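The values are calculated or read from the model by the stated rules, or taken from the named source; none is laboratory data. Fair warning: this is a prediction, and the values are worked out from it, not measured in the lab. Neighbour counts are summed over all protein chains in view; Cβ atoms, including those assigned to glycine, are modelled from backbone coordinates with ideal geometry.
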Amino acid sequence: MPFCDISGLKIHYEEAGNGEKVLLLIHGNFASWRWWRNIMDILPVGYHAYAPDLRGCGQSGHTEDGHNIEQLALDVYEFVQSLNLQALHLIGHSLGGAVAMQLALDYPELVKDLLLVGSVPADGMPAVRKNSEHSSWILEIIGLFNPQKIISKMSSGTLESTYQTLQNLPGTRHLLRRALAMMTPSWEHDNNPFFEELINDAGRMSPKAMAGHLTSLETWNILSRLKELSIPVMILLGGRDILVSREQMENTIKELKYGILVVWDDVGHSPQIEQPVRFVKLMMDFIGKNEEEKPPVGLVVNLWQKLRKMLKIILQ
């Protein structure tokens, strides 16, 4: 069980493979590295995957604050630096998609391409508090039995205290089980030890992380910055996704220079768990196609930026 320290925070991670192609896998809310285990178990030759637990999740350290998208992206950057990783094939699931987009925007020199899986849209999730059909399951997780009356008054403190209370209630596991089953509708849940492990990890999450993630998604919005990304981006969406709608992801994809939206009608919010073999094939095809480009789009931009800096120094 490897760990690394970043700015006094202990980050747990798992890795698989030893190839030259580096995958960085970022999990979502109520989750951990384990949401990538199916992928890491069948990792193709030539790949080396790293899957960290975000702060407050899995086996990583718990903190009082720092559970917003920007800080989580900085955590991942420091994790990457601590392991001296470069030329990343970046993959983010759900909330991890937001973290991945933020990381790619803030540190473009590190990322070769970006695969977003059931990702948070680039303009965030303000619908969480509006009790939309694609977010009402979150309210069920935190036990708000009358969300229409409570949601407008909900604060970060309310979310945190509610989840803190729920962690000590016998019914919490039932709520988490139901919610995670809704996120993986085409997957077999009965008598599935792996599913039980995912529930354990969800219940282990810090209340402050849960509250921080949801409140951060209220205001986080990088839609206007997406044109800064000069790398290939693929968005994979499940047709049975109960959290993210196709319309939301179409709004994200149209702002990208080099983006493509893929929809699998038969899966839900978690294609990498529901159909791992199919997911790995899609991932390999996406990465392989990008590497066949001569030269890759991202490389052209990076070379041009470096040339501009050199010219500026020479002309001074």
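Summary table
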{"quantity": "Pick from the stretch 161-216, criterion hydroxyl-bearing (Ser, Thr, Tyr) and out of contact with any helix residue (DSSP H, G or I) (no Cβ under 7 Å at 6 or more places or on another chain), ranking: modelled with the highest pLDDT", "calculated": "Ser206"}
{"quantity": "Unmet criterion (only one of (1) surrounded by 24 or more Cβ atoms within 10 Å (Cβ to Cβ); (2) in a helix (DSSP H, G or I)) for Gln81", "calculated": "(1)"}
{"quantity": "Filtered residue count, the stretch 1-40, keeping only those that are among the polar types (S, T, N, Q), surrounded by 20 or more Cβ atoms within 10 Å (Cβ to Cβ) and more than 15 Å from Val117 (Cβ to Cβ)", "calculated": "1"}
{"quantity": "Boolean, Glu70 is within 23 Å of Glu196 (Cα to Cα), of a type in the set (D, E, K, R) and under 18 Å from the mean Cα position of the chain (by Cα)", "calculated": "no"}
{"quantity": "Residues (outside any strand (DSSP E or B) and among the acidic types (Asp, Glu)) located in the stretch 99-115", "calculated": "Asp106, Glu109"}
{"quantity": "Sole residue being farther than 19 Å from Ile6 by Cβ and surrounded by 23 or more Cβ atoms within 10 Å (Cβ to Cβ), chosen from Ala98, Ala87", "calculated": "Ala98"}
{"quantity": "Verdict on His48 being crowded, with 20+ Cβ neighbours inside 10 Å and not hydrophobic (A, V, I, L, M, F, W, C)", "calculated": "no"}
{"quantity": "Cβ pairs under 8 Å, 6+ apart, first in the stretch 210-224 and over 17 Å from Asp53 (Cα atoms), second among the basic types (Lys, Arg)", "calculated": "Glu218/Arg129"}
{"quantity": "Positions within the stretch 181-219 being surrounded by fewer than 16 Cβ atoms within 10 Å (Cβ to Cβ), assigned to a loop (DSSP other than H, G, I, E, B) and among the polar types (S, T, N, Q), in sequence order", "calculated": "Ser186, Asn191, Asn192"}
{"quantity": "Selection count, the stretch 254-285, where residues are within 17 Å of the chain's Cα centre (by Cα) and among the charged types (D, E, K, R)", "calculated": "1"}
{"quantity": "Test: Leu43 is closer than 12 Å to Ala209 by Cβ, among the aliphatic types (A, V, I, L, M) and either surrounded by 21 or more Cβ atoms within 10 Å (Cβ to Cβ) or at pLDDT 95 or above (or both)", "calculated": "no"}
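Listed here are the residues, each with its yes/no results for (1) assigned to a loop (DSSP other than H, G, I, E, B); (2) touching a residue at least 60 places away in the same chain (Cβ under 8 Å); (3) under 24 Å from Glu228 (Cβ atoms).
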{"site": "Gly66", "(1), (2), (3)": "yes, yes, no"}
{"site": "Leu72", "(1), (2), (3)": "no, no, yes"}
{"site": "Gly97", "(1), (2), (3)": "no, yes, yes"}
{"site": "Pro121", "(1), (2), (3)": "yes, yes, yes"}
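Let's see how each residue does on (1) within 27 Å of Phe195 (Cβ to Cβ); (2) modelled with pLDDT under 95; (3) among the charged types (D, E, K, R):
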site: Val233; (1), (2), (3): no, no, no
site: Ile242; (1), (2), (3): yes, yes, no
site: Val267; (1), (2), (3): yes, no, no
site: Pro295; (1), (2), (3): no, yes, no
site: Val301; (1), (2), (3): no, yes, no
